[in-house]
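Reviewing the structure listed below.
The values are calculated or read from the model by the stated rules, or taken from the named source; none is laboratory data. Note that the structure is predicted; figures quoted are calculated from it, not measured. Note that each Cβ is placed from the backbone with ideal geometry, even for glycine, and that neighbours are counted across all protein chains shown.
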Amino acid sequence: MTRLTISAEAIAALGDRLEEIATHLEERSAQTRGAGDLDHGFVDRVAEEAVDRVYGDFEHARVTLCAQLTSLARLARSAGACYVDTDDMVRRSVTPTFERGTKVGTL
């Protein structure tokens, strides 16, 4: 049987990595847009406009992806914190404690 162990630190690290990817994509997008009005060598303006539409659609998809990755990163960090809280709560509920000489808790 396979046992899967997940730590809050690993979940938070996943969130950090997702944000790094989103940041990298945003930086690449800024570099691409910063190149100015590119001339693709087309003589026909209709072909040039078609290429611009394709690039525009690609940029829109990239912006959407970055927003989703950033949101997922926030959720992963939040999940890491919830994991720690839940783990603490479970540990407290299964670990007997002593209060005024009486055993309190459940096993």
| note | With the first residue restricted to segment 4-29 and required to be among the acidic types (Asp, Glu), and the second required to be surrounded by 14 or more Cβ atoms within 10 Å (Cβ to Cβ) and assigned to a helix (DSSP H, G or I), Cβ contacts under 6 Å at 6 or more apart or on different chains are GLU19/ALA73; GLU26/CYS66
| field | Subset of segment 1-21 (residues that are of a type in the set (A, V, I, L, M) and at pLDDT 90 or above) | value | LEU18, ILE21
| query | When you go through (1) modelled with pLDDT under 80; (2) more than 18 Å from the chain's Cα centre (by Cα); (3) assigned to a helix (DSSP H, G or I) one by one for GLY80, which number turns out not to apply? | reply | (2)
| said: Can you tell me how many residues within segment 36-62 are closer than 19 Å to LEU25 by Cβ, at pLDDT 75 or above and surrounded by fewer than 13 Cβ atoms within 10 Å (Cβ to Cβ)? | reply: 5
